[in-house]
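Below: the structure, in structure tokens.
We did not get these values from a lab; they are worked out from the coordinates using the rules stated. These numbers were taken from a predicted model, which means no experiment stands behind them. Cβ: placed from backbone, ideal geometry, glycine included. Neighbour counts: every protein chain shown.
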Amino acid sequence: MSRLSIFPDGSTSMDQSSPTPLLVTETPAEIQAELAQRGIGFEQWPALQELPLEADQALILNAYANEIARVKRHGGYATVDAIRMTPDHPERVALRTKFLAEHTHAEDEVRFFVEGRGLFCLHLGAEVLLTLCERGDLIRVPAGTKHWFDMGSQPAFCAVRWFNNTVGWVATFTGNKISERFPKLD
């Protein structure tokens, strides 16, 4: 089940060891409203397509072609791809480490979870929003938003990704170790 947990970022607190959430909700309408107030898009689509584990990118993109085209058209995105992470992925540890470091992008980060789950952590002003996205969830993180992503130590997800550029995922790391103070996916 999707979940949103909102924490103070701890920048004004002396005890930064275990933050206490200000809000926790699993109600999709509340998640969408809270995120929208902060400029983050959140939708839930029916993830009706059961894809085989060996589904390649072409099959995944074809299964959601209509939805992908709509988002691409409305967002002006240049490219779309699909990423699949499994517990035996040879780069899972390195990728998790990279994604867990707070960073920004020069473009929107838009993801639709075809299967599995991942934790988007957004550092907005004096708040940190942990957004657990699961199958059927689409999240739009605007360009320049400080965030990190946790796919867990045993990742098991597939997500469609939209990009404004043709290069793909490009991050600017902030150097802030804030992600170390907040709960991880597992």
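Rounded to a whole number of µm²/s, how large is the Stokes-Einstein D of segment 38-186 at 10 °C and 1.306 mPa s, given Rh as the Kirkwood radius over C-alpha pairs?
101
Using amide H atoms built in the peptide plane, which far-off residues or other-chain residues are under 5 Å from residue 156 H to H?
117
For the pair residue 65/residue 167, report the inter-label distance in nm, with labels modelled 7 Å from Cα in the Cβ direction.
The answer from the label model is 3.1 nm.
I want to check the label-to-label distance for residue 79 and residue 56. Put each point 7 Å from Cα in the C-beta direction and report it in nm to one decimal.
Going by the 7 Å Cα→Cβ label model, 1.8 nm.
Ordered by residue, what ³J(HN,Hα) values in Hz, to whole numbers, does segment 95-109 give under the Karplus form 6.51 cos²θ - 1.76 cosθ + 1.60, where θ = phi - 60° and Gly and Pro are x?
5, 4, 4, 5, 5, 6, 7, 4, 8, 10, 10, 7, 9, 4, 10
Per DSSP helix of 4 or more residues, -39500 (n - 2.57); summed, then divided by the residues of the chain. What does that give at 222 nm, rounded to the nearest 500? Numbers along the way, then the final one.
Values: 4 runs with 37 residues, N = 186.
For the chain, the value works out to -5500 deg cm²/dmol.
Would you please give the residues with an amide H less than 5 Å from that of residue 3, counting only those at least 5 places away or on a separate chain, with H modeled from the backbone geometry?
The answer is 132.
Would you calculate the separation in nanometres between label points at residue 20 and residue 48, each defined as 7 Å from the Cα along the Cα-to-beta-carbon direction?
That separation, rounded to one decimal, is 4.6 nm.
Need the full-extension length gain, residue 180 to residue 98, defined as separation in residues times 0.36 nm minus the C-alpha distance. One decimal, nm. Mind dumping the intermediate values first?
On the way: separation 82, 0.36 × 82 = 29.52 nm, distance 1.29 nm.
Extending this stretch completely gives an extra 28.2 nm.
Using amide H atoms built 1.01 Å from N in the peptide plane, name the residues 5+ places from residue 82, or on other chains, whose amide H lies under 5 Å from its own.
161
Excluding residue 96 itself, calculate the net charge of residues whose Cβ lies under 15 Å from the Cβ of residue 96, where each Lys or Arg counts +1 and each Asp or Glu counts -1.
Working: positive: 84, 92, 98, 117, 184; negative: 88, 91, 102, 150, 180, 186.
So the surrounding residues net to -1.
Top mean-square fluctuation among 84, 38, 117, Gaussian network model of the chain, C-alpha springs under 10 Å?
Answer for the Gaussian network model of the chain: 38.
Tell me, what is the percent relative contact order of the chain, built from C-alpha pairs under 8 Å that lie six or more residues apart?
On the way: 376 pairs, mean separation 54.3, N = 186.
The normalised contact order for the chain reaches 29 percent.
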